[in-house]
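Here is the structure we will look at, set down as structure tokens.
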Amino acid sequence: MEPADEPHGQRLRDPQALGDLLIYRLGRLYATAGAMTLRVCEGEFGIARREWRLLAVLGEMGEGGELQPSELATRAELDRARTSRALASLQAKGLVARQAVASDRRLARVTLTDPGRALYLRMLPRVAAINGAILAPLGGNDVARLDHLLDALQRQATQVLDASVWPKADRRRGGRKPG
């Protein structure tokens, strides 16, 4: 039976192959759309995709918005080490400013500089255009439904992760942590 002949959703509910898995299909979509975003970020604006994500989080906070690097990492859903490297690169490019907190020099606050804000405002429409191009075949009701479904799937994934005990990966050894 061809995928188009299958009842809608059957292969997602009862995956028989890699291409039937929701996570795999979402990963493929992310990789394809991400490649376009990467070309815009690096090719047009000279920044990495992670740097764009940090600029966007700070840009969404509005004028004068500032965050501690750890909070920025959490909001951007990046680990602290990658956030630190991306922030160092953005700071070297003059796009973010990092200021130590006067009461505790170990703490810092990060904010967009004027050139960083200007770059964010130039990039957002380009990245939004990619989003629009991907959604183009869907009608308004389909987009609204997709938005609702994505929210529901994210909530469920978070609940499953939080409620379950998953083995920890030991990536340095190429697999699971013993015991």
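Residue check: is LEU90 modelled with pLDDT under 90, surrounded by 17 or more Cβ atoms within 10 Å (Cβ to Cβ) and either hydrophobic (A, V, I, L, M, F, W, C) or out of contact with any Asp or Glu (no Cβ under 7 Å at 6 or more places or on another chain) (or both)? No; evaluated as a whole, the condition is false for this residue.
Residues that are more than 18 Å from the chain's Cα centre (by Cα) and either under 24 Å from MET36 (Cα atoms) or of a type outside the set (D, E, K, R) (or both) within region 134-147 comprise ALA136, PRO137, LEU138, GLY139, GLY140, ASN141, ASP142, VAL143, ALA144, listed in sequence order. In the set (1) over 26 Å from LEU149 (Cα atoms); (2) open to solvent by 50 Å² or more (accessible area, probe 1.4 Å); (3) in contact (Cβ under 8 Å) with a residue 60 or more places away in the chain, the condition left unmet by ASP79 is number (3). For the subset of region 73-124 comprising residues that are among the polar types (S, T, N, Q) and in a helix (DSSP H, G or I), which member is farthest from GLU42 (Cα to Cα)? Out of the qualifying residues, it is THR74. Count of region 47-72 residues, restricted to those that are in contact (Cβ under 8 Å) with a residue 40 or more places away in the chain and part of a loop (DSSP other than H, G, I, E, B), is 6. Residues that are open to solvent by 70 Å² or more (accessible area, probe 1.4 Å) and free of Cβ contacts under 8 Å to residues at least 24 places away in the same chain within region 100-123 comprise ALA102, SER103, ARG105, ARG106, ASP114, PRO115, listed in sequence order. Name the single residue, out of those in region 43-71 being loosely packed, with under 14 Cβ neighbours inside 10 Å and under 13 Å from ASP114 (Cα atoms), that is modelled with the lowest pLDDT. Only one residue tops the list, namely GLY64.
The values are calculated or read from the model by the stated rules, or taken from the named source; none is laboratory data. Worth saying up front: this structure is predicted, and the values here are computed from it rather than measured. Note: ideal-geometry Cβ built from the backbone for every residue, glycine included; neighbour counts use all protein chains shown. In case anyone asks, the SASA skips ligands and DNA or RNA and just uses the protein heavy atoms, side chains included. Shrake-Rupley method; radii C 1.70, N 1.55, O 1.52, S 1.80 Å.
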